[in-house]
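Below is one structure, written out as structure tokens; the observations come after it.
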Amino acid sequence: MPTLLVTGAAGIVGTALRPFLRQRYTLRLLDRKPVEGLVSGESALVGDLTDPAFVQQAVEGVDGIVHLACAHGTDIAFQSTVEPNYHATLYLLEAAQRFGVKRFVFASSHHVLGQYRSDQAEYFDDMPVAPDSYYALSKVFGEATCTTFSLRSDLATFIVRIGNADAKVSDARRLRMWTSARDLAQLLLIGLEHPAVRNEIVYGVSESPNPLFHNRRARELGYAPQDNAGEHLADNFLPYEAMAPVGSGRDHVGGAYAGVPLASVLERV
Ligand SMILES: NC(=O)c1ccc[n+]([C@@H]2O[C@H](COP(=O)([O-])OP(=O)(O)OC[C@H]3O[C@@H](n4cnc5c(N)ncnc54)[C@H](O)[C@@H]3O)[C@@H](O)[C@H]2O)c1
């Protein structure tokens, strides 16, 4: 079996994806936290992606990379994103190029479009980016860097703007962009294996009664979601009318992120 490096493997998304990915790959599971519950075909690598020597050791010998690790938060300061999101992504891409890795899947986010009001377009897929936070801005950097590396080398890159990957759908905003783990895994496998992939941007979303993203490119590549967000509502699901008009972010693609002031870079010292 080919070997796949999964960064941020101890997190919510990595943990949910493992059972699907290990059916096709030997998994090298990287995180700075211990990765629990290893089974046959999985190994763990504990360390920090901000260490370039560690990144090279992690990347050597793998066939593909799924890059999930990142620092995030509604009010994260710009400087807190620089090492884990900018430098670490560059280290990984450069190492991937150096060691002849074939595929690089980058976990981006719907937050790269998060500053839009949800009534500004019918579908947001092709809108210019409008990041809603320094977290989202770092995803824009990651996407752009994937494109540059894919055009300068044989590395094929696949950017997945994930909607919401919680186990259940918690409110009306997330209903429009939720993904099940099995649908996200199906999409990632397209990114890792479809021969037409060179550099793509797709949306990590299941079916929805009222989608924000059309996801045309993913469907062209054969993505056929098995789940519908409308059938996975949490017990305490909040319909639109029950969400606060201010603070809940119900009217923005990025939700509450879009209303939180950006931490000052002028006053950081
Ligand atoms: N969960 C969602 O709904 C959602 C939505 C949109 C996008 N995403 C994206 O998917 C990815 C995974 O999200 P998640 O919800 O699993 O996040 P998470 O916070 O649960 O997991 C991230 C993991 O990355 C690890 N990590 C962070 N920085 C690291 C570093 N420098 N070196 C090594 N490990 C490091 C953390 O220890 C953590 O285990 C992220 O890139 C996130 O932006 C997630």
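The values are calculated or read from the model by the stated rules, or taken from the named source; none is laboratory data. Remember, predicted model here, so these are calculated numbers, not experimental data. A quick note on method: Cβ atoms are made from the backbone with ideal geometry, for glycine too, and the neighbour counts reach across all protein chains shown. These accessible areas exclude ligands, DNA and RNA; they are computed on the full protein's heavy atoms, side chains included. Shrake-Rupley method; radii C 1.70, N 1.55, O 1.52, S 1.80 Å.
Please verify whether Leu68 is farther than 26 Å from Pro19 by Cα, buried (at least 19 other Cβ atoms within 10 Å of the Cβ) and within 14 Å of the ligand (Cβ to nearest atom), treating the condition exactly as stated.
When the stated conditions are applied, Leu68 does not pass them.
In the stretch 236-252 there is at least one residue that is out of contact with any helix residue (DSSP H, G or I) (no Cβ under 9 Å at 6 or more places or on another chain), farther than 21 Å from Asp126 by Cα and in contact (Cβ under 8 Å) with a residue 60 or more places away in the chain. Could you grab me the full set of residues in the stretch 2-18 that are near the ligand (Cβ under 8 Å from one of its atoms), open to solvent by less than 10 Å² (accessible area, probe 1.4 Å) and assigned to a helix (DSSP H, G or I)? Gly14, the sole residue that qualifies. Within the stretch 81-105, residues that are over 11 Å from Cys146 (Cβ atoms) reach partners that are part of a strand (DSSP E or B) and of a type in the set (Val, Ile, Thr) with beta carbons closer than 7 Å, at six or more positions or on different chains, in the pairs Val101/Ile65. Selection within the stretch 144-162: residues that are open to solvent by less than 10 Å² (accessible area, probe 1.4 Å) and more than 10 Å from the ligand (Cβ to nearest atom). The member of this set that is nearest to Met243 (Cα to Cα) is Ile159. For beta carbons closer than 7 Å, sequence separation of 6+ or different chains, a first residue in the stretch 163-186 that is open to solvent by less than 20 Å² (accessible area, probe 1.4 Å) and modelled with pLDDT under 95 and a second that is away from the ligand (no atom under 13 Å from the Cβ) and among the small types (Gly, Ala, Ser), there are no qualifying pairs.
Within the stretch 77-109, being surrounded by fewer than 20 Cβ atoms within 10 Å (Cβ to Cβ) and in a loop (DSSP other than H, G, I, E, B) holds for Ala77, Phe99, Gly100, Lys102. Scanning the stretch 110-138 for residues that are open to solvent by less than 10 Å² (accessible area, probe 1.4 Å) and among the hydrophobic types (A, V, I, L, M, F, W, C) turns up Val112, Leu113, Phe124, Ala136.
Of all residues assigned to the stretch 49-60, none qualifies as being more than 14 Å from the ligand (Cβ to nearest atom), in a loop (DSSP other than H, G, I, E, B), over 17 Å from Leu192 (Cα atoms) and of a type outside the set (D, E, K, R).
Would you check if there is a residue in the stretch 254-267 being part of a strand (DSSP E or B) and within 17 Å of the chain's Cα centre (by Cα)? Show your work before the answer.
Residues of the stretch 254-267 part of a strand (DSSP E or B): none.
No, the stretch 254-267 has no match at all.
For the stretch 56-90, a tally of residues being among the hydrophobic types (A, V, I, L, M, F, W, C) and in contact with a strand residue (DSSP E or B) (Cβ under 9 Å, 6 or more places away or on another chain) returns 9. Each residue in the stretch 176-199 was checked for being out of contact with any His (no Cβ under 9 Å at 6 or more places or on another chain) and more than 11 Å from Pro225 (Cα to Cα), and 13 pass.
Residues are listed down the side, and each one gets a yes or a no for (1) over 24 Å from Tyr86 (Cβ atoms); (2) without any contact (Cβ under 8 Å) to a residue 40 or more places away in the chain; (3) open to solvent by 20 Å² or more (accessible area, probe 1.4 Å); (4) under 18 Å from the mean Cα position of the chain (by Cα):
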site: Phe20; (1), (2), (3), (4): yes, no, yes, yes
site: Gln23; (1), (2), (3), (4): yes, yes, yes, no
site: Gly41; (1), (2), (3), (4): yes, no, yes, no
site: Leu49; (1), (2), (3), (4): no, no, no, yes
site: Ala58; (1), (2), (3), (4): no, no, no, no
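Do we find that Ala224 is surrounded by 19 or more Cβ atoms within 10 Å (Cβ to Cβ) and of a type in the set (A, V, I, L, M) in this structure?
No; evaluated as a whole, the condition is false for this residue.
Looking across the stretch 108-134, the residues that are within 16 Å of the ligand (Cβ to nearest atom) and within 15 Å of Arg216 (Cβ to Cβ) come down to Phe124, Asp125.
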